[in-house]
1. What number, rounded to the nearest 500 deg cm²/dmol, is the helix-based mean residue ellipticity at 222 nm of the chain, given -39500 (n - 2.57) per DSSP H run of at least four residues and division by all its residues?
2. Could you list His398, His132 in order of exposure, starting from the residue whose Cβ has the fewest other Cβ atoms within 10 Å?
3. Could you list Met416, Met96, Met232, Met252 so that the one with the fewest beta carbons within 10 Å of its beta carbon is first and the one with the most is last?
4. Test of understanding: ordering Thr250, Thr112, Thr143 by Cβ neighbours within 10 Å, fewest first, what list do you get?
5. Mean separation of Cα pairs under 8 Å and 6+ residues apart, divided by the residue count of the chain: what relative contact order is that in percent?
6. Sequence gap of 8 or more, or different chains, plus Cα separation below 25 Å: how many lysine pairs satisfy both in the chain?
7. Note down the nm distance, to one decimal, between modelled labels 7 Å out along Cα→Cβ at Leu220 and at Leu200.
8. Loop by DSSP (not H, G, I, E, B), at most 15 other beta-carbon atoms within 10 Å: where is the longest site-free stretch of the chain for GluC sites (Glu not before Pro)?
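Values in this text are rule-based calculations from the coordinates and carry no lab data. Not measured: the values here are computed from a predicted model. Backbone-built Cβ (ideal geometry, glycine too); neighbour counts: all protein chains shown.
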Amino acid sequence: MTPGYVLIRTLIVALLAFPFGQAFAEWPIPDDLSTQAATLSEEQLNFITSGDILKFIPERQLEHELATRDADSLRNLVNDLMSLAAQMGYDPGRDMGAAPLNLAAKNFHRSTIPTPAPLRDFEREPGPFSVHRYVFPQSGVPTFGGAKVAIWPEDLTAGSVDVAIIGVPNNMGSGRRDSGAGPDAMRALNTIAIPDVQSLVNPLEALSVVDYGNFSIDYLSIERTVSHVAGMVAETAGTGAIPMLVGGDTSMLYPGVKGIAENRGPGTFGLLHFSAHPDVERFSDHTISDRQAIFRLLDQGIVKGSDTIQVGLRGPGVDLETLRWLREQDVRYHTMAEFQRHGSERVFKRILREADKGPDAFFVSIDVSVLAPADMVAAGRITPNGLSIREVTRAIRHVCAAKDIVGFEITDLAPMLDLSRLSVIHANAALNACLVGIAVRKKGLDPDYIHPVALDHGQR
């Protein structure tokens with residue numbers, strides 16, 4: 001086995017072992033390895049002590065190489081890693097800063113320009129309308145919860161619509177892909193807008209709810225989709241209706257919240273985010289994806305860290321550096337380690353206290369990965385050891401009843417992964433929990449109100 005082969009194998013093993021995206025601070029060379037390190041050049045030492053070398057080789061492996069290699073072999077290793085670092089950097093002469101578009105396209109905005117007002121046919125009076133054939137909406141065109149349909153903002157205004165449920169079928173995020181089918185799968189099951197067993201409130205009787213169709217997606221450019229969705233959310237919120245977005249992958253969380261901020265102002269509402277994933281990746285070459293959604297919202301001041309609550313964190317995206325970064329942003333995060341140590345009841349009481357003490361208004365976001373796989377097989381970024389549907393819906397219902405909800409989003413449902421449709425039923429249950437909470441608040445009931453008839457049969 002030649003020295004060159006050993007070196008190449010070492011580099012490959014180091015790269016495969018390294019968790020890319022992690023940030024590193026300075027790395028002081030241990031005293032017992034200073035003699036070996038003294039054989040390196042000043043440039044090589046700077047590469048090591050700056051911590052840059054740790055992007056390409058784990059710390060323990062680096063210590064081993066310093067301790068066991070002779071001077072020439074050590075210099076060769078560091079030189080190779082420095083060469084690799086140079087190749088990994090952005091080079092404007094080699095790398096695209098942006099994906100090129102065909103500027104000569106005859107229909108450049110074909111998929112994202114709504115029909116201009118002068119071209120609309122106003123033969124009908126503005127307002128929500130039914131697309132069902134029968135008295136009971138079980139046939140005809142499927143809609144969320146069997147609700148009426150609205151098409152234009154003037155429909156929402158004329159109908160004094162409380163909640164507009166909207167599909168955002170983007171499918172360009174990471175994980176197992178099928179989230180673009182999420183909206184239609186949730187429409188197809190009649191498990192939205194069912195009465196609440198706790199308060200006995202029927203959300204469709206207490207609220208004016210419409211299916212506002214799907215927002216158009218550019219399937220080849222998430223960047224163009226983001227600006228369109230944000231604008232449409234802002235327009236919807238401007239009518240007074242609460243946008244409830246049904247994804248689609250979690251990259252749409254960013255334009256969903258951004259659209260609300262365009263209408264209400266940045267930093268004027270809180271964010272309650274149920275997810276296995278913190279979505280605060282800070283060092284990727286892509287800046288718009290499901291993995292950066294929360295980072296971009298915090299980094300751009302769209303929501304404040306102190307007004308952000310994350311629930312159910314676990315999995316590969318949760319490491320020491322990420323949790324430290326969340327702490328620095330004043331984010332209130334709750335990992336599954338906390339749930340396992342203290343129990344669900346105690347942790348959820350803490351979460352609800354944090355929400356109660358937070359802003360008057362909240363955007364509620366559900367990445368279905370927050371649920372345990374037993375309750376959510378069809379999560380695009382599925383992660384073991386999550387929460388139960390009962391726990392999640394209870395918390396959602398409380399917050400949506402206690403706070404002024406300015407927006408809601410459920411993301412990352414990939415229906416083809418669960419032929420039983422249990423995952424779709426549970427996704428609908430999460431959305432319905434917020435609908436119920438909004439209805440309970442509108443009726444002026446306490447967030448945890450239980451109808452006495454629902455609580456006790458009254459028989460002796």
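1. Numbers: 17 runs with 176 residues, N = 460.
It comes out at -11500 deg cm²/dmol, rounded to the nearest 500.
2. Values: His398 20, His132 17.
The most exposed by this proxy come first: His132, His398.
3. On the way: Met416 11, Met96 8, Met232 23, Met252 32.
If I rank by nearby Cβ atoms, fewest first, I get Met96, Met416, Met232, Met252.
4. Values: Thr250 34, Thr112 18, Thr143 21.
Ordered from fewest to most neighbouring Cβ atoms within 10 Å, Thr250, Thr112, Thr143 come out as Thr112, Thr143, Thr250.
5. Numbers: 816 pairs, mean separation 68.3, N = 460.
Once divided by the residue count of the chain, the mean separation gives 15 percent.
6. So the count of such lysine pairs works out to 17.
7. The answer from the label model is 5.8 nm.
8. On the way: sites that count: Glu26, Glu123.
No qualifying site falls inside 124-460, the longest such stretch.
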